[in-house]
Amino acid sequence: MANAGMVALDWQQRINWDRVRKYRLERARERMKAHGLGAMLLMYDENVRYVTSTLTPGWNRLKPGLRYAMLCGDDAPVLFEQGDIGFQIQRHSPWIPKDHVRYSYAWIKGAAGPASTMQVKKFTNAVKQEMKKANVGGAKLGVDFIDINMLKVFADEKIDWTDGMTPMMEARAIKNEDEQEALRMVGAIGDAAHWEFMEFLKPGRTENQLTAHIMQYLYSVPGMEDVEDVIVSSGPNTWPNWRNFSDRIVKPGDIVFMDLAALTWNGYKSCYYRTYCAGKEPSKEQKEIYATALKWLYDSIKAVKVGATTKDIASKWPSAKEAWGYEEEDQAAANLWGHGLGLAQYDQPVISRIWSLDHPIEIKEGMVFALETQHGKRFEWGVRIEEMLIVHKDKIEIISNFPVEQITVVNPITGYSTLAGR
């Protein structure tokens with residue numbers, strides 16, 4: 001299905017955000033109960049968003065406890081917002097009952113020592129009160145984040161807590177029709193960004209200039225909330241892939257790759273690599289290395305189907321020793337890789353030879369994830385490619401559509417020859 005436009009209209013059914021909110025909330029509640037939990041305390045941004053459909057602004061991210069949410073029994077979610085921002089939540093998010101918007105008791109990256117103890121006690125009392133109000137007081141509490149201060153106070157207050165991240169990851173793993181359409185939109189934005197990158201790339205530009213251009217391009221897109229990272233690496237920076245950018249100047253003939261690492265459109269994230277060669281045709285060896293990485297990628301894609309497992313997918317990749325001579329798989333972490341896409345950069349399933357061979361996860365209809373492979377010559381050049389896909393009952397839908405069959409050559413100079421030893 002081709003994605004429609006970006007904004008809501010009265011004359012065309014597009015993404016039904018009300019249906020998204022209801023689906024996510026009830027799916028989280030179902031997994032909570034399946035794990036025998038009476039309530040969940042959610043401090044990670046993606047989990048707060050999943051159950052409350054509220055936005056964590058950039059300055060607030062990666063600071064668990066500044067804002068958090070609770071889901072207790074059959075009650076509506078409760079949002080603990082930072083300071084007095086809750087008044088804006090009441091104004092903008094009518095699906096949360098007004099009396100379920102509180103102010104948070106924060107301490108992480110703020111208070112320390114006795115001050116943090118004071119705050120955690122208030123925090124814990126509020127948690128207990130919400131569970132009591134929802135008639136689940138004393139029940140098992142799932143927690144997606146734990147802090148050393150929480151450990152002590154939770155023990156003092158005899159809170160029976162356990163892992164709350166696993167049920168949330170299980171909930172987030174299966175996307176409904178609207179979430180799938182949101183991720184198609186993410187793919188289409190990624191296609192456009194790679195085309196823009198191809199048009200802007202040329203020898204003489206620096207990695208950070210290329211990064212800045214794509215950042216500016218993406219932030220002009222309606223619905224764009226955040227671009228966690230644009231990774232542009234060139235020449236020797238591409239292998240090993242340092243997953244970063246610098247002020248290095250791109251030279252004629254350089255291999256360059258660009259990754260859209262979590263462009264975030266209406267909460268939903270990308271991960272989308274393509275490889276380029278600037279100013280000349282890649283060498284025969286570079287083409288061969290790319291063909292190897294492409295085969296690894298598409299062999300793993302062909303293993304994806306409902307009922308298969310992450311072991312089936314990871315088994316299509318060579319071991320770290322076979323590929324690069326490494327002694328342990330952990331040394332090649334994320335070189336041959338797969339991960340779910342959604343409100344988090346790493347929804348289930350996360351696929352790696354490190355753990356998937358021994359601890360497989362079943363592939364299910366509605367999962368959306370990326371698969372990515374790379375290869376190269378140390379400190380000379382490397383290639384990396386990635387596809388995003390949706391798992392359907394009877395097929396796999398690839399939602400990253402920028403050409404991938406070969407290295408994308410940008411502005412090659414005709415008649416350019418490669419001299420011996422160059």
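Considering only chymotrypsin sites (Phe, Trp or Tyr not before Pro) in DSSP loops that have at most 11 other Cβ atoms within 10 Å, the longest stretch of the chain without any of them is 12-415. Just to verify a number: FRET efficiency for LYS395 and GLU228, C-beta to C-beta distance, R0 = 35 Å, to 0.05? After rounding, the FRET efficiency stands at 0.70.
Multiplying each eigenvalue of the alpha-carbon gyration tensor of the range 175-284 by 5 and taking the square root yields semi-axes of 27, 13, 12 Å, largest first, rounded to whole angstroms. Helix 284-302 against the longest principal axis of the chain: what's the angle in degrees, Cα atoms only, rounded to the nearest 10? Orientation of helix 284-302: about 40 degrees from the principal axis. Net charge in the neighbourhood of GLY5 (other residues with Cβ under 14 Å of its Cβ; Lys, Arg +1, Asp, Glu -1) is 0. Applying a threshold of 26 Å to the alpha-carbon distances of LYS63/LYS364; LYS109/LYS152; LYS128/LYS175; LYS33/LYS311 flags LYS63/LYS364; LYS128/LYS175; LYS33/LYS311 as lying beyond it. Once the Cα-Cα distance is subtracted from the 0.36 nm per residue extended length, the HIS359 to ASP99 segment shows a gain of 89.3 nm. Pairs exceeding 29 Å between alpha-carbon atoms, taken from LYS202/LYS287; LYS22/LYS121; LYS202/LYS321; LYS22/LYS393: LYS22/LYS121; LYS202/LYS321. Projected onto planes of every orientation and averaged, the convex hull of the alpha-carbon atoms in the range 1-91 covers 8.0 nm². Across the range 316-411, Cα-Cα distances exceeding 24 Å account for 30% of all pairs. Once the Cα atoms are used to define both axes, helix 114-133 deviates from the longest principal axis of the chain by about 70 degrees. The GluC sites (Glu not before Pro) of the range 284-344 meeting both criteria, a DSSP state outside H, G, I, E and B (loop) and at most 15 other C-beta atoms within 10 angstrom of the site's C-beta, are GLU327, GLU328. Counting only alpha carbon atoms, the long axis of helix 207-219 and the longest principal axis of the chain meet at about 50°.
Relative to the Cα centre, the charge distribution of the range 163-265, modelled as +1 at Lys and Arg Cβ and -1 at Asp and Glu Cβ, gives a dipole magnitude of about 560 debye. Of the trypsin sites (Lys or Arg not before Pro) found in the range 285-351, not one falls in a DSSP loop while having at most 11 other beta-carbon atoms within 10 Å. Each other residue within a Cβ distance under 13 Å of TRP242 adds +1 if Lys or Arg and -1 if Asp or Glu, for a net charge of +1. Restriction of the trypsin sites (Lys or Arg not before Pro) in the range 52-152 to DSSP coil positions whose beta-carbon has at most 11 other beta-carbons within 10 angstrom yields LYS109.
Of the labelled figures [x] 23.4, 78; [y] 20.5, 69; [z] 24.0, 100, only one reflects Rg and Dmax of the Cα atoms in Å as derived from the coordinates, namely [x]. Here, the range 30-189 is characterised by an Rg to Rh ratio of 0.97, where Rg is the alpha-carbon radius of gyration and Rh the Kirkwood radius. You can think of it this way: the chain between THR292 and ALA334 has 13.4 nm of extra reach, that is 0.36 nm per residue less the Cα-Cα gap.
The antiparallel fraction among DSSP beta bridges confined to the chain stands at about 75%. The slack in the chain from GLN216 to ASN16, taken as 0.36 nm per residue of separation less the alpha-carbon distance, amounts to 69.2 nm. The range 337-373 and the range 13-65 have their alpha-carbon centroids 20 Å apart. Neighbours of SER104, meaning other residues whose beta-carbon lies under 9 angstrom from its beta-carbon, give a summed charge of +1 when Lys and Arg score +1 and Asp and Glu score -1. Measuring between their Cα centroids, the range 288-313 and the range 199-254 lie 27 Å from each other.
FYI, it's all coordinate maths here, none of it is from the lab. It should be emphasised that the depicted structure is a prediction, and the values quoted were computed from it without experimental measurement. Note: ideal-geometry Cβ built from the backbone for every residue, glycine included; neighbour counts use all protein chains shown.
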